Amino acid sequence: QLQASGGGLVQPGGSLRLSCAASGSRFSINVGGWYRQAPGKQRELVATVSSGGTTNYADSVKGRFTISRDNAKNTVYLQMNSLRIEDTAVYYCNGVGYSGVSYWGKGTLVTVSS
């Protein structure tokens, strides 16, 4: 139901943009979010965006990451700037529909390394 893309290898200080597209005409994203899981660590919240555009960020990414959405495309984005080595993780998108059902996309790997 959710297709995540945009991960890759980037140098510290670089940028990447992740996309999360919901497939299927029956599912519309109410609240979209990005989570990440670094090796040996638990999955953590990165950012969320509501249907009205209200955003929420983890303290570690505030000022560097921006979550946004395109309701017409049923897609949620995560623009990541000033990337740090500690941002290296598998990033997962999550979409909660208006019925409350939650879907997870397959993870996309982001590696920040020089």
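The values are calculated or read from the model by the stated rules, or taken from the named source; none is laboratory data. It should be emphasised that the depicted structure is a prediction, and the values quoted were computed from it without experimental measurement. Here the Cβ positions follow ideal geometry from the backbone for every residue, glycine too, while neighbour counts run over all protein chains shown. Note: areas computed on protein heavy atoms with side chains; ligands, DNA, RNA excluded. Shrake-Rupley method; radii C 1.70, N 1.55, O 1.52, S 1.80 Å.
A dipole drawn for the chain from +1 and -1 charges on Cβ atoms has a positive end, and of 105, 61, 38 the residue lying farthest that way is 105. In straight-distance terms, cross-link reach from residue 106 covers every one of the lysines whose alpha-carbon lies under 18 Å from its own, apart from those fewer than eight places away in the same chain; here that gives 41. Local charge for residue 21 was computed over the other residues whose Cβ lies under 15 Å away, with Lys and Arg +1 and Asp and Glu -1, and equals +4. Remark: spin-label model distance residue 109-residue 11 equals 2.1 nm, labels positioned 7 Å along the Cα→Cβ axis. Counting only Cβ charges, +1 for Lys and Arg and -1 for Asp and Glu, the dipole size of the chain around its Cα centre is about 120 debye. Using C-alpha pairs under 8 Å with a sequence gap of at least 6, the mean separation divided by the residue count of the chain gives a relative contact order of 37 percent. For the stretch 7-39, trypsin sites (Lys or Arg not before Pro) are listed when DSSP marks them as loop and at most 12 other Cβ atoms sit within 10 Å of their Cβ; the list is 26. For the chain, the carbon plus sulfur part of the accessible surface works out to 47%, probe radius 1.4 Å.
Solvent-accessible surface of the chain, averaged per residue with a 1.4 angstrom probe and all protein chains in place: 54 square angstrom.
A simple count of charges around residue 64, restricted to other residues whose Cβ falls under 14 Å of its Cβ and scoring Lys, Arg +1 and Asp, Glu -1, yields +1. A simple packing score, the average count of other Cβ atoms within 10 Å per residue, orders the peptides 105-111, 38-44 as 105-111, 38-44, with the highest score first.
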